[in-house]
Amino acid sequence: MTPPSTASPPGTWAPGLCWRCETDDVPVIWLGPAHSEHHGHAPFVACERCVTRLEELIAAYAVGRSRTS
């Protein structure tokens, strides 16, 4: 298991482990910090496929919120 790259600046793709699908040694990008009640925080990184899916989920959530506002 390759740990996520912490040396890459935000907005830069670097080889690592996708924290969403757990595919190893793929280009990943930092999305922000992940927080754990017991372990503190860690960099949350994801591969392109997972970033695309997260964007779809966020868009669907935003549409749903705009309907209820």
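Details
- Contacts under 6 angstrom Cβ, first residue in the stretch 41-69 being in contact (Cβ under 8 Å) with a residue 40 or more places away in the chain and under 26 Å from GLY16 (Cβ atoms), partner surrounded by 13 or more Cβ atoms within 10 Å (Cβ to Cβ) and not hydrophobic (A, V, I, L, M, F, W, C), 6 or more apart: VAL45/PRO4; VAL45/GLY16
- Counted residues, the stretch 6-23 - those being over 12 Å from CYS47 (Cα atoms) and modelled with pLDDT of 90 or more: 0
- Check on ALA59, out of contact with any Leu (no Cβ under 6 Å at 6 or more places or on another chain), at pLDDT 95 or above and exposed (fewer than 11 other Cβ atoms within 10 Å of the Cβ): yes
- Search result, residues across the stretch 19-29 that are assigned to a strand (DSSP E or B) and in contact (Cβ under 8 Å) with a residue 24 or more places away in the chain: VAL28
The values are calculated or read from the model by the stated rules, or taken from the named source; none is laboratory data. From a predicted model like this one, the values you see are computed outputs, not experimental measurements. Note that we place each Cβ from the backbone using ideal geometry, even for glycine, and neighbour counts take in every protein chain shown.
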